1. Go through the range B:182-217 and report how many residues are touching a Gly at 6+ places or on another chain (Cβ under 6 Å) and within 9 Å of another protein chain (Cβ to nearest Cβ).
2. Name the residue, out of B:Glu161, B:Glu173, that is acidic (Asp, Glu), in contact (Cβ under 8 Å) with a residue 40 or more places away in the chain, in contact with a helix residue (DSSP H, G or I) (Cβ under 6 Å, 6 or more places away or on another chain) and under 30 Å from A:Asp52 (Cα atoms).
3. Any idea how many residues of the range A:60-112 are among the charged types (D, E, K, R), assigned to a loop (DSSP other than H, G, I, E, B), without any contact (Cβ under 8 Å) to a residue 40 or more places away in the chain and more than 9 Å from chain B (Cβ to nearest Cβ)?
4. Kindly state which strands (runs of 3 or more DSSP E) lie completely within the range A:163-237 and contain at least 2 residues that are closer than 27 Å to A:Arg149 by Cβ.
5. Looking only at residues in the range B:218-228 that are within 13 Å of another protein chain (Cβ to nearest Cβ) and among the β-branched types (Val, Ile, Thr), which one is surrounded by the fewest Cβ atoms within 10 Å (Cβ to Cβ)?
6. In the range A:162-175, which residues are buried (at least 23 other Cβ atoms within 10 Å of the Cβ) and within 13 Å of chain B (Cβ to nearest Cβ)?
7. Scan the range A:62-73 and tell me whether some residue there is exposed (fewer than 15 other Cβ atoms within 10 Å of the Cβ) and in contact with a Cys (Cβ under 9 Å, 6 or more places away or on another chain).
8. Scan the range A:236-273 for residues that are of a type in the set (Ser, Thr, Tyr), farther than 21 Å from A:Val294 by Cα and either modelled with pLDDT of 90 or more or in contact with a Phe, Trp or Tyr (Cβ under 9 Å, 6 or more places away or on another chain) (or both) and jot them down.
Amino acid sequence: MTLTIDGIFKQFGQFPALAGVSLEARDGEFLSLLGPSGSGKTTLLRVLAGLDKPDHGCVFLDGVDFLALSARERRIGLVFQQYALFRHMTVAKNIAFGLEVRPRRSRPSAAAIKARVEELLALTQIEGLGGRYPAQLSGGQRQRVAVARALAVEPRLLLLDEPFGALDAKVRKELRGELRRIHDATGVTTILVTHDQEEAMDLADRVVLMNQGRIEQIGSPAELDQTPASPFVFTFLGETNRLNCEVLSGYARFDGFAAPVVTPARPADGKAEALFRPEDTRLDGGAHAEGLPVRIVEIHGRGSLRLIECQALSGHRLTAELPETLAAQFEVGQRVRLAARRVVLASGAGETVAGDPVKLVAAKGPAATSAI
Amino acid sequence: MIARSHQLQRVDGPIPILLLTVALAWLALIIGAPLVTVLTEALSKGLETFLATYKEPDALAAIRLTLIVAAIAVPLNCAFGLAAAWSIAKFDFQGKALLLTIIDLPLSMSPVVSGLVWVLLFGARGWFGHDLDVAGIKIIFALPGIVLGTIIVTVPLIARELIPLMTEQGVDEELAATSLGAGGWTVFRRVTLPNIRWALLHGVLLCNARAMGEFGAVSVLSGHIRGMTETLPLHVESLYNDYDFVGAFAAATLLAGLAVVTLVAKTVLEQLIRAASTQKPA
Amino acid sequence: MTHILTHLQPSRRGVLAAAARGSALIAAPSLLGGVAQAASPLTLLNVSYDPTRELYKDINAAFGGYWKSKTGQAVTINQSHSGSGASARAVIDGLQADVVTLALAGDIDEIALRAKLLPANWQSRLPNNSTPYTSTVVFLTHKGNPWKIHDWGDLLKPGISVITSNPKTSGGGRWAYLAAYAYGLSKGGDAAARDYITRLYQTVPVLDTGARGSTTTFAKRGLGDVLLCWENEAYLTIGEFGPNFQIVYPSRSIYAEPPVAVVDKNVDRHKTRALAEAYLNFLYTPVAQDIIGKHHFRPILPAAKAKYASGFKQIPMVTVNDTFGGWTKASKIHFADGGLFDKLYKPS
């Protein structure tokens, strides 16, 4: 089932929720719609599910006009953050629902429905829970039921709206793997809406990163990582250091070092702001090392990794992420040299940064790097 | 709406016991004592006289009229309550707050006013009085008027019961059912209705009790024609004014009995709602 | 619309039978109401005031027998009782009364004036100003008259509380007010009368909306020391509550005339004029006059008068026409909104 979304616009009052969204999902592909809240990803999902009508644009599934079909006729599987299980029905009844409400002609026999339910219980690894009520299940079990229920009708498209949002971290990780396994087993074209970049990057064949009603970039997790299409993509996907630079012939020149510019592909020469990841940041304590002179102000641990907070003479704070083994040589108060392996340009010679990247980064966790 | 016992403290110490005693004494005084009075008055001239009240054609007519009024008003309010609660809980629209206020209006309005509104509209001298007269349609001082008066007074009871519950439950289950291919009616019957059935019954029960017991609005609209437009509460008043105290209290016993039955049914239902809200299998 | 429903029996339960069968017809509930009158040619609705409940129960039974023997038809008289003013109001609002038997001419005047359901000269159509029985206002005290209340002046003794009904809504209340006012007039003109009324109504703890309500307040609930009430109501109370009470006739009172009238527009619509007129004329027959006397209303036929004379003490009585210039004037001056009663009544 190939899904083609072409030029979707959707406005709520004065607020443009979708401002021209086009994309294609290949048959059997797993897509993640990723973006901050208000980026339009949920609206796009609701348009696909038939819960909202776009103002403009079209959606085709294998060449059939999808928007002309009612939500009921689309045969999509929907999985909600809050599960939305039918609370007065058993697990088995929940899963069987989509089959039992079919018109008599196309309804499978009771035995066939029962077999299908068993098959789905096994697929989602909740065998033996068929007789329970939703209230008697854990959150993770409920979401497995929700997925099984959605798959029962053999949907042409499986839509998941923040399916792990209500679960604790451990269950979330576990279910993430399950979901991918189930997807691979069924081959159903799947679209996952999430604001969690780790989840999106982990699960999807391709990630659709959205911002302010537009698509910023579509690509494999590696593509997004390696060649971010915009500063927004870069800042949204991870912690970011910022530093002013001078661009010359595809290289960003700093006070004491230079680094290749990854995005944009052909940067114009001139002054710019460079963005780079803590993990792309090197520290060197050697007397003749190249780099920006900084002083280490803080070191904190994170598993086998260490985050080393540094302060430049200008007062800028920058973060380096090093393996524990490498980090051992540094200590707080030490003067070292800092350099970036590669950078993305935020503004000036490159493109301007959309939105407020500082805020977006800060929203992603306490370890976010402050800037400027 | 329903307190869960495990969240409450145990009754312990002098102040809770005092409060509990005051509450129970108050209940005994304002509910228990009148009930006992009604029964003793009704039986003051023996069981024969008591039973004779129910053989009176006027009493039978009043009982029948009361049942008919409830049989019309309750289903109509049920349909309205469902529609209103559904639209308020599941949709966003302009004027939602206004609709909520209007639904609540009869609760804060004297039933006499609720009755007079219809007189103003449909009375012989009312806005539509002349047209109705020409068409030969009688509303005021006839069954339709009594039903209208009853409906306006009882309109909030079912809607009020459903709105908070349906709002809390949200639309996700309905959306899920729709996406699974269920039609509107199927969604209502198999998803929405089972989720609200106990609250709905609870509302119907309250609505029915109020419909059968309503005095003020019905009094304005009835015309007090014996054996024709007197409901049971009005009949009680008539008998009382006739100095037929035994008759009045015997008829009132029926109403009190209705109240007791309602109370018991309500308690049972609330147990069921509690069970349903903790989502244990029924 | 009527023809659809002609299979319904023209019984007094017609409306209920129709409703029972038609309760599925919720979409058009108004149909049901339309049936009530049209399908019941042999019923009559008598809209009356509170204290006549017992009287008309007996009168209706007697008339039923009379009509049956005369025409062979069974007839059902339906009754509606409220305060006289409230009853008049209901008829104005559309209560389908064939006849009205109210507490005072002023209320029937209102029906003629506001709803034009009968001509303004209605009172001249039946004998004795369309008044088949009269009454007056008396005092009802507790047994033995512990407070020695003998006349209007005694009502103002310190500590006495008086029960009467609201003259704005109750016919009996109006008669009591006018009787009291007339007493005041006899003591020194309008000024004295206003003063008397002011002080009298200050002693009233509960002003019920109807005469029957006042009686219940006094006799059943035991409030107050003296009840100002209809003479027939006083006798009825003694009949119901036994010897706990006694009637006191003041030195003077008012000649109360509760009139009756056919409501022309309604009987023409219901085709019940002959029956309605026969019903009211029946009130003037010896049989009815005897029932009237038995229920402590004052009959007007000499035979009945003589038979029940012992029950009705003869005292000087003023009339509304002579002392107050008729009901139209009296209503306007005393009982209209902002009228004298509103000005003088200051609940303590």
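1. 0
2. Values: B:Glu173 fails: in contact (Cβ under 8 Å) with a residue 40 or more places away in the chain.
Testing whether each residue is acidic (Asp, Glu), in contact (Cβ under 8 Å) with a residue 40 or more places away in the chain, in contact with a helix residue (DSSP H, G or I) (Cβ under 6 Å, 6 or more places away or on another chain) and under 30 Å from A:Asp52 (Cα atoms) leaves just B:Glu161.
3. Going residue by residue through the range A:60-112, those that are among the charged types (D, E, K, R) are A:62, A:65, A:72-75, A:87, A:93, A:100, A:102, A:104-105, A:107.
Subset that is assigned to a loop (DSSP other than H, G, I, E, B): A:62, A:72-75, A:87, A:102, A:107.
Applying the additional criterion that residues be without any contact (Cβ under 8 Å) to a residue 40 or more places away in the chain yields A:72-73, A:102, A:107.
Of the ones still in play, those that are also more than 9 Å from chain B (Cβ to nearest Cβ) are A:107.
The number of residues fulfilling the criteria is 1.
4. Working: elements: A:190-194, A:206-211, A:214-219.
Ranges flagged: A:190-194, A:206-211.
5. Here is the first cut: in the range B:218-228, the residues within 13 Å of another protein chain (Cβ to nearest Cβ) are B:219-228.
Filter once more, keeping what is among the β-branched types (Val, Ile, Thr): B:220, B:225.
Numbers: B:Val220: 25, B:Ile225: 27.
So the residue we want is B:Val220.
6. Step one: of the range A:162-175, the residues buried (at least 23 other Cβ atoms within 10 Å of the Cβ) are A:163-164.
Once the filter is applied, which keeps residues that are buried (at least 23 other Cβ atoms within 10 Å of the Cβ) and within 13 Å of chain B (Cβ to nearest Cβ), the range A:162-175 yields only A:Pro163.
7. First pass over the range A:62-73, keeping only residues exposed (fewer than 15 other Cβ atoms within 10 Å of the Cβ): A:62-65, A:68, A:70, A:73.
Now drop any that are not in contact with a Cys (Cβ under 9 Å, 6 or more places away or on another chain), which leaves A:65.
Yes, that holds for at least one residue.
8. From the range A:236-273, those of a type in the set (Ser, Thr, Tyr) are A:240, A:249, A:251, A:263; that's our starting set.
With farther than 21 Å from A:Val294 by Cα added as a condition, the list becomes A:249, A:251, A:263.
A:Tyr251, A:Thr263, listed by residue number.
The values are calculated or read from the model by the stated rules, or taken from the named source; none is laboratory data. A quick note: this is a predicted structure, and the numbers were derived from the prediction, not measured. Every residue, glycine among them, receives a Cβ derived from its backbone with ideal geometry; neighbour counts consider all protein chains shown.
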